[in-house]
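Step one of this worksheet: look at the structure below.
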Amino acid sequence: MEPDLKQIFERFASEATFMTGKAFGNGHIHDTYLIVTTEKDKDNFILQRLNTNVFRNIPELQNNIERITAHIRKKLSRINDSDLKRECLTLIPSKEGSSWINDEKGNPWRLYIYIRDHRSYDTVNSPDIAYEAGKAIGRFQSQLADLPGEPLYETIPSFHDLGKRLDYFLEIRNEDPAKRAEGAKGEIEFILKRSEEMMIIHRLGKSGKIPVRITHNDTKLNNVLFDENDKSMCIIDLDTVMPGFFHSDFGDTIRTGANIAAEDERDLSLVRMDITLFRAFAEGYLSETKGILKPVEKEHLPMAPLVMTYEQAMRFLADHIAGDIYYKIHHDNHNLERARAQIRLLKNMEEQYGEMKKIVEEIIRH
Ligand code: ADP
Ligand code: GN1
Ligand code: MG
């Protein structure tokens, strides 16, 4: 049954009148709705039913987001001409003063101001947009580098812990609950063959050589919103902002943004990383972070997109084998197709790895 969006919306202190509500965006995790309001001079809103299968502790999750947005807003408010409603997510409290509510079935919901007049991309073909996205990720990381207080709550434990991801992958392959392992033999083999090589950043992190930072951890291109001039404006989807390695963010933006095909492209001949876009992302990212990155972090940046593409291929494949229990899917075998496209992308990155290293070295030298 469709949720009663009007009734849920009215439990928040938006001071605007509900006109329409409809499903919105291409996110894989939450149920997201755009709420259009009657008054011309008031905001529209994004209402989300949170995925409690993925996020187990909603109070801690929301507490993280309150802290993150308050910190960024404080920084923006010191800059002339900042547009606080467009450059940072704004949570609207419920009428009882909490940043989320539970509906009668116990499902949690939250409300954000809709970022008006934004542009959003699943893929890009313009180096200018790639540069802007890289810059936005770097800026976000540096904005949060001095977040006061306790470490952020780990909303999904071991989210980018490749060792644990691999353990789960092997477990689910052995268990094979949906009897799909046989049909994905080649893909499974591909993943297992690279398990040692792809562990490099993870190992350096575990041994303390790569520092733990505050990172976004889900820097898919469509989590960066752009303004009407294609300047990067706001980073959204803050649910996984928590301790992590800078590499995850750099790597995932390139995995999604420098791939000229869709994340789930079925025609694998279309899937490849555009090296010009890679350069633009790296230039944008490093323009904001060159001063804070340690030499060991810089040295391993070129490997980050490969590692994140590998991790994503493994995650999609594991979810296919598990019987599609994590990601929203739109048709049968969707997770397998996604995994295949990521595998193809990784192969293509492997071919271009030498060039990627040269480009990063060049940018750092200048
Ligand atoms: P998911 O975790 O499911 O990806 P997101 O929080 O990323 O959920 O939201 C899904 C989509 O909704 C985004 O990709 C974006 O298009 C849109 N969206 C989310 N929040 C806002 C906002 N405040 N303003 C405008 N669009 C938004
Ligand atoms: C999910 O929430 P969304 O759609 O931006 C996932 C990411 C994956 C991505 C793959 C919390 O991102 O980790 O990289 O799908 N988010 C979570 O498309 O698992
Ligand atoms: Mg998202």
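The values are calculated or read from the model by the stated rules, or taken from the named source; none is laboratory data. All values reported here derive from a predicted model rather than from experimental measurement. Every residue, glycine as well, gets a Cβ built from its backbone with ideal geometry; the counts of neighbours run over all protein chains shown. The area values use the complete protein model at the heavy-atom level, side chains included, leaving out ligands, DNA and RNA. Shrake-Rupley method; radii C 1.70, N 1.55, O 1.52, S 1.80 Å.
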Within the range 72-89, residues in contact with a helix residue (DSSP H, G or I) (Cβ under 8 Å, 6 or more places away or on another chain) and open to solvent by 30 Å² or more (accessible area, probe 1.4 Å) come out as 73, 75, 77, 82, 84, 87
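Mind telling me which of the residues 37, 69 ends up being more than 21 Å from the chain's Cα centre (by Cα) and β-branched (Val, Ile, Thr)? Break it down into steps so the answer makes sense when it comes.
On the way: 69 fails: more than 21 Å from the chain's Cα centre (by Cα).
Criteria check complete, one pass: 37.
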* Asked: Has the range 297-320 got at least one residue that is away from ligand 3 (no atom under 16 Å from the Cβ), in contact (Cβ under 8 Å) with a residue 60 or more places away in the chain, over 19 Å from the mean Cα position of the chain (by Cα) and surrounded by fewer than 17 Cβ atoms within 10 Å (Cβ to Cβ)?
  -> no
Of those in the range 222-236 that are in contact with a strand residue (DSSP E or B) (Cβ under 6 Å, 6 or more places away or on another chain) and closer than 8 Å to residue 120 by Cα, the residue surrounded by the most Cβ atoms within 10 Å (Cβ to Cβ) is 224
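In this structure, is residue 320 in a helix (DSSP H, G or I), more than 16 Å from ligand 1 (Cβ to nearest atom) and either on the phi < 0 side of the Ramachandran plot or not assigned by TED's automatic domain parsing to the domain that holds residue 196 (or both)? Step through it out loud before you land on a result.
Numbers: in a helix (DSSP H, G or I): yes; more than 16 Å from ligand 1 (Cβ to nearest atom): yes; either on the phi < 0 side of the Ramachandran plot or not assigned by TED's automatic domain parsing to the domain that holds residue 196 (or both): yes.
Here the answer is yes, as residue 320 does meet what is asked.
Give the residue, chosen from 358, 298, 347, that is assigned to a helix (DSSP H, G or I) and more than 19 Å from residue 281 (Cα to Cα).
Working: 358 fails: more than 19 Å from residue 281 (Cα to Cα); 298 fails: more than 19 Å from residue 281 (Cα to Cα).
Only one candidate qualifies: 347.
Please find, among 44, 63, the residue that is away from ligand 3 (no atom under 16 Å from the Cβ), open to solvent by 30 Å² or more (accessible area, probe 1.4 Å) and more than 22 Å from residue 5 (Cα to Cα).
Values: 44 fails: more than 22 Å from residue 5 (Cα to Cα).
Exactly one residue qualifies, and that residue is 63.
Could you tell me whether the range 49-60 includes any residue that is in contact with a Gly (Cβ under 7 Å, 6 or more places away or on another chain), touching a residue at least 60 places away in the same chain (Cβ under 8 Å) and among the β-branched types (Val, Ile, Thr)? First the steps, then the outcome.
So the first thing to find is which residues in the range 49-60 are in contact with a Gly (Cβ under 7 Å, 6 or more places away or on another chain), and the list is none.
There is no residue in the range 49-60 that is in contact with a Gly (Cβ under 7 Å, 6 or more places away or on another chain), touching a residue at least 60 places away in the same chain (Cβ under 8 Å) and among the β-branched types (Val, Ile, Thr).
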Residue 102 meets each of (1) in the same structural domain as residue 270 (by TED's automatic domain parsing); (2) without any contact (Cβ under 8 Å) to a residue 40 or more places away in the chain; (3) of a type outside the set (D, E, K, R) with one exception, condition (1)
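Can you tell me which residue in the range 29-41 is least open to solvent (accessible area, probe 1.4 Å), limited to those that are polar (S, T, N, Q) and more than 22 Å from residue 156 (Cα to Cα)? Spell out the reasoning first.
Applying the first criterion (polar (S, T, N, Q)) to the range 29-41 yields 32, 37-38.
Those still in the list that are more than 22 Å from residue 156 (Cα to Cα) too: 37-38.
Values: 37: 8, 38: 70 Å².
Checking each candidate, the answer is 37.
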